[in-house]
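The values are calculated or read from the model by the stated rules, or taken from the named source; none is laboratory data. Remember, it's a predicted structure, so these values are computed and weren't measured experimentally. FYI the Cβ positions are ideal-geometry reconstructions off the backbone, even for glycines, and counts take in every protein chain you see. Side chains included, ligands, DNA and RNA excluded: accessible areas come from the protein's heavy atoms. Shrake-Rupley method; radii C 1.70, N 1.55, O 1.52, S 1.80 Å.
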Amino acid sequence: RTRNGANSEMNITVKVEGIKEALEKFDPKVVSKAAVSTLNEVVKSTRTLASDLVRNKRGFKILKSDFDKRVEIKPARMNDLTAVLTAHRISTSFGWRTGHDSFSLTYFGAKEARRTSKGVTIKSRKGVKTQKRTGMGSGVTVQVLKGGTVARFPHAFVATMKSGHIGVFRRVAGKASPGKQKIVEAKVISLVTMFRGTIPQLQAYALQKFKERFLSKLEWANRK
């Protein structure tokens with residue numbers, strides 16, 4: 001099952017069903033041991049599939065290592081026959097939106113281009129460089145999906161917050177004081193967004209794999 005909370009946390013849960021029938025035929029300890037082993041294998045392979053769907057089928061330019069850091073596995077145990085995949089929060093300043101479950105556009109290579117008397121200044125999370133010319137328009141450009149459209153934010157800019165977070169920001173009028181402007185992050189991409197459309201396939205895969213592996217593990221464990 002999945003759960004999307006107020007903080008955009010996402011859970012994919014694989015829970016043992018039909019355990020009552022197995023308990024009637026086998027030693028309860030053997031059933032639990034086989035179920036735990038199967039669930040933990042299935043949840044790992046489901047995360048691998050999720051990574052492939054998000055990075056290759058949907059095309060988000062996220063490294064597998066960064067995906068795995070963010071999609072945590074809670075393994076099943078003998079007293080809790082539930083294995084959970086959770087898209088959770090971590091706090092780091094380089095390319096992540098600190099304390100949130102989202103990626104800054106700078107993670108996907110967002111660049112700010114500004115023309116000056118010395119040429120064109122290009123700013124990204126990797127630093128600042130100046131070159132004579134560029135095909136980029138003024139503002140920030142970014143390509144989030146492999147082979148996807150290059151988005152442009154003409155009035156946005158790349159900046160580093162006091163926390164160390166590097167993001168794409170823009171100035172907007174404040175609601176309380178319309179004459180004053182405040183700086184807000186232009187856009188972020190959450191893992192929940194990346195997972196969109198993949199959940200039914202992941203659930204079906206996990207259920208099918210459990211059915212395929214549980215019986216053989218149960219029979220193997222019962223012979224020991």
Check: If you check every pair at least six apart or on different chains, which have Cβ atoms under 7 Å apart with a residue in region 144-168 that is closer than 16 Å to S102 by Cα first and a residue that is acidic (D, E) and open to solvent by 30 Å² or more (accessible area, probe 1.4 Å) second?
Finding: G167/E185; V168/E185
Notebook entry, point to check: Could we say that A206 is at pLDDT 90 or above and closer than 30 Å to D52 by Cα here?
Noted result: yes
Checklist line | helices (runs of 4 or more DSSP H) contained in region 9-88 and holding at least 1 residues modelled with pLDDT of 85 or more and buried (at least 18 other Cβ atoms within 10 Å of the Cβ) | finding: 28-52, 64-70
Check: Of (1) out of contact with any helix residue (DSSP H, G or I) (no Cβ under 8 Å at 6 or more places or on another chain); (2) assigned to a helix (DSSP H, G or I); (3) open to solvent by 70 Å² or more (accessible area, probe 1.4 Å), V192 satisfies all except one. Which?
Finding: (3)
Notebook entry, point to check: What are the residues in region 116-129 that are more than 23 Å from S104 (Cβ to Cβ) and polar (S, T, N, Q), if any?
Noted result: T116, S117
Next item on the list: Report the residue count in region 186-216 for those that are of a type in the set (D, E) and within 19 Å of the chain's Cα centre (by Cα).
Entry: 0
